[in-house]
Amino acid sequence: MSSEDYRKRVTEDMKSFATGEVTPDLWEWFVRRLHYMSGNFDAPETYVKLKELLAKVDQGFSAHGNYFFYLATNPDAFGPIVKNLAETELMKQIDHQWRRVIVEKPFGHDLESARALNQELLTFADEKQIYRIDHYLGKETVQNILALRFANGIFEPIWNRRYIDNIQITVAETVGVEKRGGYYDTAGALRDMVPNHIMQLITLTAMEPPVSFRADSVRDEQSKILHAIQPLSAEEVLTRTVRGQYGEGVINGERVPLYRAEPGVPPDSRTETFVAMKLLIDNWRWADVPFYLRTGKRMPQRNTYIVIQFRRAPFVLFRDTPVENLMPNQLVLHIQPEEGISLRFAAKAPGAQMRLGSVDMNFEYADYFGVQPSTGYERLLHDCMIGDQTLFQRADMVEAGWCVVSPALDVWKALPPRNFPNYPAGTWGPREADELLERDGRRWRNLEK
Ligand code: BG6
């Protein structure tokens, strides 16, 4: 492609994907700054060519030699690219110039490979130059967890084991693996979603208040949570984790094929498309409060939410209502597609008798502030330009995330599943996922559509 071809293509894409109006002048301004170059990642000449092109563009547009390189490549290429950038002095920061690199996921495929990748990157770049992206952290509603907890006086006093019974995190998707079967089948739901996106949700929900909102203060607290998650023994993997793979089924009235029939997926694949886990955090705030998490493809609805379930009222004043029938209070943080917060509590149903019903108090983002929610990426790319690493993963956090899932990866590998596919597309996962909570006398909150 020539740069001109590339500009045309991006302009077309913009027309189909932009969520808002595109101002023609602004677009023109932007598109003139796009340049296209291709080359082999392993070939040092590529980087020499890139350096020349950047220098030329830099002169024309006064970019002051500030570059960030965004690696949306095959993960095998992360190390070689950064090495070559460093060897061509493209990572060298002199005077006030900055050079940064954004690395997409997956960051390794287990603890050992993530460690090796960190080591490799850190040989050629400083931690302050490395931005490990997790697009969940760019979502407004994910960042709002911090605002809810630390900008309000009423939640923090009850945000602990004394008042909270359990926490449930659901990341449900209706999509299958689309055209990503090749990648997905080597990864699986656990690797694809848990050490990264779900760990972000857990750390922000569970962390202690940071001493400031500086990048390392926030990340230190997140990291402490990751390190406090109780490691699962091999036996606990069997009782506290559930894996599933979807069979054929119906979603939104449409019949969809089983995972094993998706393009790029072997017909006898044993890769999981659903995972549920029970985790415990060993610290004073959370001891004995289970964090239940589940994520899956081909679930009945696309919905990401966190349920903070409070302890039940200690005894019942109301005749004929046994305490176990009282619905516990739940604070639900809706991450997507609904964006907001709701609080469920008991109220008196109208009538002569004292009967109770559950009601919800709802806040929806869309009703306030008057702005479109972002996809997350724009915020993160901007943060990289201004040098703010708060919403990016530090090396130790990535490794700690892998530590949490490692025991499950090991046990699952040693004991291949025998009952796949074990949930029909369009359902909330295998029966065992419900049993995981039922054994503890609890149940998942499945949001009504
Ligand atoms: C990606 C996973 O990181 O996140 C995908 O690789 C998943 O499998 C996606 O579908 C979910 O992101 P979002 O923003 O749609 O929740």
- prompt: So how many residues does region 177-191 have that are under 10 Å from Lys297 (Cβ atoms) and at pLDDT below 90?
  reply: 1
Close pairs (8 angstrom Cβ cut-off, 6 or more residues apart or separate chains): on the phi > 0 side of the Ramachandran plot in region 412-439, assigned to a loop (DSSP other than H, G, I, E, B) anywhere: Gly426/Arg298; Gly426/Met299; Gly426/Pro300; Gly429/Met299
field: Test result for Leu137, more than 16 Å from the ligand (Cβ to nearest atom) and either assigned to a helix (DSSP H, G or I) or exposed (fewer than 15 other Cβ atoms within 10 Å of the Cβ) (or both)
entry: no
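The rows are residues; the columns are (1) crowded, with 18+ Cβ neighbours inside 10 Å; (2) among the hydroxyl-bearing types (Ser, Thr, Tyr).
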| position | (1), (2) |
| --- | --- |
| Asp220 | no, no |
| Ser233 | no, yes |
| Gly253 | no, no |
| Arg260 | yes, no |
| Gln301 | no, no |
| Arg312 | no, no |
- request: Test each condition in (1) in contact with a Pro (Cβ under 9 Å, 6 or more places away or on another chain); (2) away from the ligand (no atom under 16 Å from the Cβ); (3) not in a loop (DSSP other than H, G, I, E, B) for Ala187 and report the one that comes out false.
  value: (2)
- request: Collect the residues in region 142-184 that are among the β-branched types (Val, Ile, Thr) and either surrounded by 13 or more Cβ atoms within 10 Å (Cβ to Cβ) or within 16 Å of the ligand (Cβ to nearest atom) (or both), keeping them in residue-number order.
  value: Val142, Ile145, Ile158, Ile164, Ile167, Ile169, Thr170, Val171, Thr174, Val175, Val177
statement: In the set Asn152, Asn166, the lone residue that is modelled with pLDDT of 95 or more and touching a Pro at 6+ places or on another chain (Cβ under 6 Å) is Asn166
message: Residues that are out of contact with any His (no Cβ under 6 Å at 6 or more places or on another chain), within 16 Å of the ligand (Cβ to nearest atom) and open to solvent by less than 30 Å² (accessible area, probe 1.4 Å): does region 119-128 have at least one?
response: no
field: Every pair of residues 6+ apart whose Cβ atoms lie under 9 Å, when the first sits in region 370-382 and is open to solvent by 70 Å² or more (accessible area, probe 1.4 Å) while the second is among the aromatic types (Phe, Trp, Tyr) and within 12 Å of the ligand (Cβ to nearest atom)
entry: none
query: Out of all the residues in region 93-106, which are open to solvent by 20 Å² or more (accessible area, probe 1.4 Å) and either within 16 Å of the ligand (Cβ to nearest atom) or in a loop (DSSP other than H, G, I, E, B) (or both)?
result: Gln93, Ile94, Asp95, His96, Gln97, Trp98, Glu104, Lys105, Pro106
- request: Enumerate the strands (runs of 3 or more DSSP E) found wholly within region 240-298, keeping only those where 2 or more residues are more than 19 Å from Glu435 (Cα to Cα).
  value: 249-251, 254-256
statement: The residue that is nearest to Ala72 (Cα to Cα), considering only those in region 23-52 that are aromatic (Phe, Trp, Tyr) and assigned to a loop (DSSP other than H, G, I, E, B), is Phe41
field: Residue identified as of a type in the set (A, V, I, L, M, F, W, C), under 20 Å from Leu415 (Cβ atoms), open to solvent by 10 Å² or more (accessible area, probe 1.4 Å) and at pLDDT 95 or above among Leu280, Leu238
entry: Leu238
query: Of the residues in region 433-444, how many are surrounded by fewer than 16 Cβ atoms within 10 Å (Cβ to Cβ), out of contact with any helix residue (DSSP H, G or I) (no Cβ under 8 Å at 6 or more places or on another chain) and within 18 Å of Phe274 (Cα to Cα)?
result: 1
Residues of region 30-76 that turn out to be acidic (Asp, Glu) and open to solvent by less than 40 Å² (accessible area, probe 1.4 Å), as a count: 1
- prompt: How many of the residues in region 53-67 are within 21 Å of Ala125 (Cβ to Cβ) and part of a helix (DSSP H, G or I)?
  reply: 4
- prompt: Restricting attention to region 332-345, and to residues there that are open to solvent by 50 Å² or more (accessible area, probe 1.4 Å) and more than 16 Å from the ligand (Cβ to nearest atom), which single residue is farthest from Glu173 (Cα to Cα)?
  reply: Phe345
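The values are calculated or read from the model by the stated rules, or taken from the named source; none is laboratory data. Bear in mind the structure is a predicted one, so any value in this text is a computation, not a measurement. Counting neighbours? That spans all protein chains shown, and the Cβs are built from the backbone with ideal geometry, glycine included. Note: accessible area is taken over every heavy atom of the protein model, side chains too, but ligands, DNA and RNA are not part of it. Shrake-Rupley method; radii C 1.70, N 1.55, O 1.52, S 1.80 Å.
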